[in-house]
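This report refers to the structure that appears directly beneath it.
The values are calculated or read from the model by the stated rules, or taken from the named source; none is laboratory data. Nothing here was measured: the structure is a model prediction, and the numbers come from that model. FYI the Cβ positions are ideal-geometry reconstructions off the backbone, even for glycines, and counts take in every protein chain you see. Keep in mind that these areas ignore ligands, DNA and RNA; they rest on the heavy atoms of the full protein, side chains included. Shrake-Rupley method; radii C 1.70, N 1.55, O 1.52, S 1.80 Å.
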Amino acid sequence: MSREKKIDRLREIDRQTQTLGSIVQLLSWDQETGMPPAAVGGRSEQLSLLEGMIHDNTAGEEVGELVGELCGDSTPELPPGALLRGAEPDPDSSAFLRTMRREHLRAVRIPRRLVTEFARAQSRGQAAWISAREKDDFAAFLPHLQTLLDLNREKADAVGYEEDRYDALLDEYEPWMKASTVDRVFDEMSGALRSLLDRIMGAPEVDDAFLYTDYPVEQQKLFSRQVAEAIGYDFSRGNISESAHPFTIRPGDDDVRITTRYNPASFKSAIFGTIHETGHALYEQGVDDSLKGSVLGQGTSLGIHESQSRTWENMIGRSSEFWKHFYPGLCELFPENLGGVSRERFVQSVNKVEPSLIRIEADEVTYGLHIILRFRLERELLSGNLPVADLPGAWNDLCEELLGIRPRRDAEGVLQDVHWSMGAIGYFPTYALGNLYGAQFFAALKKEEPDIEKSFGSGNFSKVREWLTGRIYRYGSSRTAGELVHTITGEDLQAKYFADYLETKYTQLYDL
Ligand code: ZN
């Protein structure tokens, strides 16, 4: 068989795997947005059948042989020049081959027994976590967390790593990233965040009480949709529905859906949640047509994904220029809530900084500290330096050290997040990496287009969207996160761009 024929065969198998994956996405979307509760048993049967088929496809002998013949023992490298700005997404298949090889190796290295044991521990762990959080009872969750931690160690050892066991886990969510890099950028970030936070805490407090009054849900829906459309979400290839936890999902190449949640007592969650998810969706909707149906046809890593949702939510969606355009319309929809509120006060309020215990409610400045807390603790857990039984105390101490406040209950401390109960260790850093990538990309954009923010004030978002599409979105996962950072900014990942962005923004907002 010729090389071309082999690549074609591999593409054919991949297309089938991606189609199975999109069916999984559709079933999951349905499960979260409207499936009758009693259907859960049947649904998990359907999902596990499909997941098994996907695993068998990826780990299959035929893929193994093809990948072996096409790649040999090493990861194919992109040819020189492939990374030049403006180059086509994957003309010579090398990005496709390295990704297929990577997926195949991960799949064959993890034994099927471990896959099923992990899945079982995840569903038990999640159920135990829900009730433990309700009852504020860490001891009830402890044995499950211990099991999930042990299974994660086993998984990391099966996958393999060079320096640090944590790398093997991190790699699942942020391919090719190393814990040592995360250490370096988080250390840079933590000093900057702490010092800015101290200065903000010395400034007069912002009165944002008007944000927490009765905002009719129908108007919230209308406004959320208007904003998503204005910033470029393509409703002919997507829709917005409601779910308990907002997410973006991709049941097909031309089907990228988002969900949001409307809280009548708070305006912030629906609108900023919608902008956040629209940011994820713009990324998926912007992938080049040539990558459709392939493993390369979606976002390259969770961190890069999060960089896009946060760029749209925070750097664009919480900027003064953005609200220059949208605030008059918002006031018309909510005259009773916003009648006496100036745009300046509104912008200040949606950017209010205040240390809080709950990560998902955190502002831009304290958010990174919540992530550092989790990153440090999960590394200690994985290395065995921190016994699971000592975790709640360690959490509370570190929370006090980083944020200056101490949880009184585990429900608002160590039990607040779902991730560890799902066995996801190595996931948390991607949230904060997203902020760093996003700020570094945005700084590069501003170097080329110094007046870009002015375009937001006139409701023109096509310029920024086209730039992001041309540099990031169109490549899907044919470029790794590190390659994107290098080609777009000419540097390694740095925390200083995020620190500079916050410094400029909050010095102005708080008149520091
Ligand atoms: Zn997100």
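Would you kindly identify the helices (runs of 4 or more DSSP H) lying entirely within the stretch 379-477 that contain at least 1 residues that are among the small types (Gly, Ala, Ser) and within 16 Å of the ligand (Cβ to nearest atom)? Talk me through it step by step, then tell me what you get.
Values: elements: 391-403, 429-448, 452-457, 462-471.
Where helices (runs of 4 or more DSSP H) fall fully within the stretch 379-477 and carry at least 1 residues being among the small types (Gly, Ala, Ser) and within 16 Å of the ligand (Cβ to nearest atom), they are 429-448.
Where residues in the stretch 196-245 are open to solvent by 40 Å² or more (accessible area, probe 1.4 Å) and within 16 Å of the ligand (Cβ to nearest atom), which of them is nearest to the chain's Cα centre (by Cα)? Once the filter is applied, the top-ranked residue is His245.
Among the residues of the stretch 100-117, the one identified as at pLDDT below 90 and within 24 Å of the chain's Cα centre (by Cα) is Val115. Would a scan of the stretch 359-376 turn up a residue that is under 26 Å from the mean Cα position of the chain (by Cα), in a loop (DSSP other than H, G, I, E, B) and touching a residue at least 60 places away in the same chain (Cβ under 8 Å)? The answer is no; no qualifying residue exists. Could you say whether any residue in the stretch 293-310 is at pLDDT 95 or above, of a type in the set (D, E, K, R), under 14 Å from Phe247 (Cβ atoms) and within 16 Å of the ligand (Cβ to nearest atom)? Yes.
Does Thr19 satisfy being at pLDDT 90 or above and farther than 24 Å from Pro91 by Cα? The answer is no for Thr19.
Looking across Ser48, Ser28, one residue alone is modelled with pLDDT under 90, in a helix (DSSP H, G or I) and within 23 Å of Thr248 (Cα to Cα). It is Ser48.
Residues checked against (1) hydrophobic (A, V, I, L, M, F, W, C); (2) over 28 Å from Arg153 (Cβ atoms); (3) surrounded by fewer than 16 Cβ atoms within 10 Å (Cβ to Cβ):
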| position | (1), (2), (3) |
| --- | --- |
| Gly21 | no, no, no |
| Gln25 | no, yes, no |
| Gly42 | no, yes, yes |
| His55 | no, no, no |
| Thr58 | no, no, no |
| Glu61 | no, yes, yes |
| Asp90 | no, yes, no |
| Ala95 | yes, yes, no |
| Thr99 | no, no, no |
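Pairs are defined by a Cβ separation below 6 Å, a sequence spacing of at least 6 or placement on different chains, a first member in the stretch 449-460 that is in contact (Cβ under 8 Å) with a residue 60 or more places away in the chain, and a second member that is open to solvent by less than 60 Å² (accessible area, probe 1.4 Å); the pairs so defined are Glu453/Glu321; Phe456/Glu321; Phe456/Phe322; Gly457/Glu321.
For the stretch 311-334, which positions are of a type in the set (S, T, N, Q) and away from the ligand (no atom under 16 Å from the Cβ)?
As a first pass, look at the stretch 311-334 and keep what is of a type in the set (S, T, N, Q): 311, 314, 319-320.
If the condition is that a residue be of a type in the set (S, T, N, Q) and away from the ligand (no atom under 16 Å from the Cβ), then Ser319, Ser320 are the ones that fit.
Only one of the numbered conditions (1) of a type outside the set (A, V, I, L, M, F, W, C); (2) closer than 22 Å to Gly476 by Cα; (3) within 15 Å of the ligand (Cβ to nearest atom); (4) surrounded by fewer than 17 Cβ atoms within 10 Å (Cβ to Cβ) is violated by Gly252, and that is (3).
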